[in-house]
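The values are calculated or read from the model by the stated rules, or taken from the named source; none is laboratory data. Everything numeric here is computed off the predicted structure, so don't read it as measured data. Please note: Cβ atoms are built from the backbone with ideal geometry, for glycine as well, and neighbour counts cover all protein chains shown. Ligands, DNA and RNA are excluded from the accessible area calculation, which covers all protein heavy atoms including side chains. Shrake-Rupley method; radii C 1.70, N 1.55, O 1.52, S 1.80 Å.
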Amino acid sequence: MNYEVASVTHQGKVRKSNQDRLLVQQSGARALLAVADGMGGLACGEQASGQIISTLAQRWNKICTADNVEEAARRLDEAIFEAHRRVFYFSEELQKPVGSTLSALLLWEDVYRIKQIGDSRVYCLDADGLEQLTVDQNWYNQMVRTGRLSPAEAGRNPQRRALVNAVGASAELEVVTESGVLKAGMCFLLCTDGLYASVDRSFLTRALAAAPAQALDVLLQETLCGPAGDNATAICCRVR
């Protein structure tokens, strides 16, 4: 498989800094794409997301030389938990909550693996349409999934978007893995909430029909036409 990849990040109209970070690493038919959205305020959020992305970048050579995708995914997990420990110790030193989301997409010859933490997202557009491949790990989905509240009840709660899982935010971390088969023509989008909250599903579908760089340009312009109150970051990858 070959990959056409483009990326973009923007601090938006309101934030004084950009706490999002992204990663694009490729070695032949093996690639690692990731977006991270830091939280904890200004420099703290930047350091959290930056620590995650730098750790994954440092581990890429070990990941991409694995014998198979399962071994590569295991090494990716190790890198994620190493970053988690670093961010968690950093938050303990500061004595304040610090953390980050992470959506990582491992492309491996003819298959893929997703590692999901938090509420950044991975989408895929193929012949069957647009699919969100990840589930936001927030209070709303936790309440609905466990049957504690109905969607209507959870949707009225002001805590509905609060994260229940984030890198470095607590001692425990859950990494959710999704997997699938790669096919020519697939288009993946990894993005932080600053982007997906600003565009509706139909607009997203139309935009991703274009080449990756053009798709991201259209999506960013649409984001900036609105309030753009958050950082917006995205990676678009088309499988050839």
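Brief remarks on what is shown
- Contact order normalised by residue count of the range 62-115, Cα under 8 Å, 6+ apart, percent: 23 percent
- Loop sites in the range 150-240: GluC sites (Glu not before Pro), DSSP, at most 15 other Cβ within 10 Å: Glu172, Glu174
- Shape call, the range 169-240: gyration tensor on alpha carbons, a/c limit 1.5: oblate
- Contact order relative to length of the range 5-53, as percent, for alpha carbon pairs under 8 angstrom and 6 or more apart: 32 percent
- Cα-based shape type of the range 73-179, given that a ≥ b ≥ c are square roots of the gyration tensor eigenvalues and the cut on a/c is 1.5: oblate
- Over the range 119-240, equivalent-ellipsoid semi-axes from the Cα gyration tensor in Å: 27, 18, 14
- Semi-axis lengths, Å, the chain, gyration tensor of Cα atoms, sqrt of 5 times eigenvalues: 25, 23, 18
- Surface composition of the chain: carbon plus sulfur atoms contribute 48% of the solvent-accessible area (1.4 Å probe, protein chains only, all chains present).
- Fully extended contour minus Cα-Cα distance, from Asn157 to Asp217, at 0.36 nm per residue: 18.2 nm
- Computed from point charges on the beta carbon alone (+1 for Lys and Arg, -1 for Asp and Glu), the dipole magnitude for the range 96-148 about its Cα centre is near 500 Debye.
- On a per residue basis, the chain carries 45 Å² of accessible surface, using protein heavy atoms and a 1.4 Å probe.
- Beyond 20 Å, the tail of the calculated P(r) for the range 1-99 holds 44 percent of the Cα pairs.
- Among the listed pairs Lys16/Lys115; Lys16/Lys62; Lys13/Lys62, those beyond 32 Å (Cα-Cα): Lys16/Lys62; Lys13/Lys62
- Value of Rg to Rh for the range 118-189, rounded to two decimals, is 1.06; Kirkwood radius and Rg both from alpha-carbon coordinates.
- Mean projected area in nm² (Cα convex hull; one quarter of hull surface) for the range 10-63: 4.0 nm²
- With contributions of -39500 (n - 2.57) from each DSSP H run of at least four residues, the per-residue ellipticity at 222 nm computed over the chain stands at -11000 deg cm²/dmol.
- The mean of 1/r over all pairs of different alpha-carbon atoms in the range 50-108, once inverted, gives a Kirkwood hydrodynamic radius of 12.2 Å.
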